[in-house]
1. Looking at Val245 and the list (1) within 12 Å of the ligand (Cβ to nearest atom); (2) at pLDDT 95 or above, which single condition is not satisfied?
2. Quick check on Phe99: is it within 16 Å of the ligand (Cβ to nearest atom) and crowded, with 22+ Cβ neighbours inside 10 Å?
3. Select from the stretch 248-257 the residues that are at pLDDT 95 or above and surrounded by fewer than 21 Cβ atoms within 10 Å (Cβ to Cβ) and write down the one among them that is farthest from the chain's Cα centre (by Cα).
4. List every residue pair whose Cβ atoms lie under 7 Å apart, where the two residues are 6 or more positions apart in sequence or sit on different chains, the first residue falls within the stretch 78-107 and is under 22 Å from Ser167 (Cα atoms) and among the acidic types (Asp, Glu), and the second residue, located anywhere, is at pLDDT 95 or above and more than 11 Å from the ligand (Cβ to nearest atom).
5. On the basis of being surrounded by fewer than 17 Cβ atoms within 10 Å (Cβ to Cβ), more than 16 Å from the ligand (Cβ to nearest atom), at pLDDT 95 or above and aromatic (Phe, Trp, Tyr), does Phe5 make the cut?
6. Please go through the stretch 201-239 and give me each residue that is part of a helix (DSSP H, G or I) and either of a type in the set (Val, Ile, Thr) or within 16 Å of the ligand (Cβ to nearest atom) (or both), ordered by number.
7. The conditions are (1) under 19 Å from the mean Cα position of the chain (by Cα); (2) surrounded by 15 or more Cβ atoms within 10 Å (Cβ to Cβ), and Ala206 fails exactly one of them. Which is it?
8. Evaluate the following for Pro26: is it surrounded by 10 or more Cβ atoms within 10 Å (Cβ to Cβ), part of a loop (DSSP other than H, G, I, E, B) and modelled with pLDDT of 95 or more?
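The values are calculated or read from the model by the stated rules, or taken from the named source; none is laboratory data. Because the structure is predicted, anything quoted here is derived from the model rather than measured. Virtual Cβ from ideal backbone geometry, glycine too; neighbours counted across all protein chains shown.
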Amino acid sequence: MSLSFPVTPNPTPRTDAERATILENPGFGTNFTDHMAVATWTADQGWGDAGVVPYGPFSIDPASAVLHYAQEIFEGLKAYHHADGSVWLFRPDRNAARFARSAHRLALPELPAADFIGSIEALVAADRPWVPTREEQSLYLRPFMFASEVFLGVRPSAKVTYACIASPAGAYFSSGVKPVKIWITTSYSRSAPGGTGAAKCGGNYAASLIAQAEAAENGCDQVLFADAAEHTWLEELGGMNVYLVTADDQLLTPELSGTILEGVTRDSILVLAKEHGLTPVERKISIAEVLEGVQSGAVREVFACGTAAVMTPIAELKNAERAHRVGNGEAGEVTTALRSALLDIQYGRVEDSHGWLHRVS
Ligand SMILES: *Cc1c(COP(=O)(O)O)cnc(C)c1O
C-alpha cells in the first residue's frame, strides 16, 4: 500500500510579502518553502511516519550513522508553472527509478516510485504559492534519504530518514546561460569502476569539491573528470553530463559505463537530437579526441546538461598544457536550439509528444 502524506500546516508560514520578495530574485538553493515531506524507514517496520510538516531542522544524534559513514543519496527535479496555471514535473518516474538504484548501491531501502512521486505531489500542493511563475524559474525539489540510526558499527543503517524539500529557483549558474570555462583535471577522479559514480550520493560530491577548487584556481567555472583507470576517457562534470556536437551533425556523449550518472536531461537530449536532424551516439570518447576535434573544428560545440542548469554551453576546455577555445566561444546553434526545445516542453509551450510531463497541481 502506498504511503499517504497528511499535511501538518506550518503555523508561521512566510507572509505573502516575504514570499513575493524571495520570488523576485530566488537565486539557487538558498531559500526554502514553508513545508517539507518526510517519511522514515526501519528494518522492522518498513516505511511509515509519512507526512508534510513545517520546514525546519532535524534533530540529529551525534552518533547518527550518516555523519560518520555518509550513507546518503539524493535527487533533483523541478516543478514548472505553465501559462494556464497548472504545475508539472518532468519525467519524475526517471528520478524515482534512479533514487531506487542509488538506494540499492548505498545499501539504503528503496522508496517505491509511487511514494517518491506522492511525497512530491503532497509537498507541491502544500506549497503551491511558492511555484515561481516567471520565465525560466521553477520550484526545485530535492528528495533525499540518509542513515539515521544511532550506531557507530559499520553496516547498513536499520533506520533511515527520507525527506523532500523545495526551493524556488532562478538560474543555476549566476552567469545565466553565459558559456563556461571547464578545467580538465588529471589530479582527481570522480568515480571508478565498481564505485558509486552511477549513484546520486553526497559522497561523490564531497570528493569532487577539491577538484572544483582546482578548476577555480585555474580560472575555470567547473571541472571535467576523465575515467579513473586511464585518465583518458571523457566522463562528466561534477554534477552534469557532457555532450559534443560534431561538424557532421553527430551528437556525441560518453556511453553509460557504470561510472557516469545517468542524467534525465542527458536521456531527453538523446531523444530530442533525432528531431533536430542530429545522430545521437553514445560511445567511449577520449579527451584527446575532444581536444583535437575542438582544435580542428570537427567538434563544433560542447555543452553540459543537468536538471539544475538545464544546458550550459562550454566556451573553453583547459588542461595543464593549454586552453582550447570551443567554436567562437559563444553558445552554439545546436546547444541553443536543443535547450529551447527542452524548455518549451518543460514549460508547456509546445505539445508534450513524448508524454514526459506529469501534472501535480
Ligand atoms: C544529477 C547529476 C547529473 C544530471 O542529472 P539530471 O537527471 O539530468 O539532472 C549529472 N551528473 C551527476 C554527477 C549528477 O549528480
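1. Result: Val245 fails condition (1) only.
2. yes
3. Asp248
4. Pairs found: Asp93/Ala113.
5. Values: surrounded by fewer than 17 Cβ atoms within 10 Å (Cβ to Cβ): no; more than 16 Å from the ligand (Cβ to nearest atom): yes; at pLDDT 95 or above: yes; aromatic (Phe, Trp, Tyr): yes.
So Phe5 fails the test.
6. Gly202, Gly203, Asn204, Tyr205, Ala206, Ala207, Ser208, Leu209, Ile210, Ala211, Gln212, Ala215
7. (2)
8. Numbers: surrounded by 10 or more Cβ atoms within 10 Å (Cβ to Cβ): yes; part of a loop (DSSP other than H, G, I, E, B): yes; modelled with pLDDT of 95 or more: no.
No: the conditions fail for Pro26.
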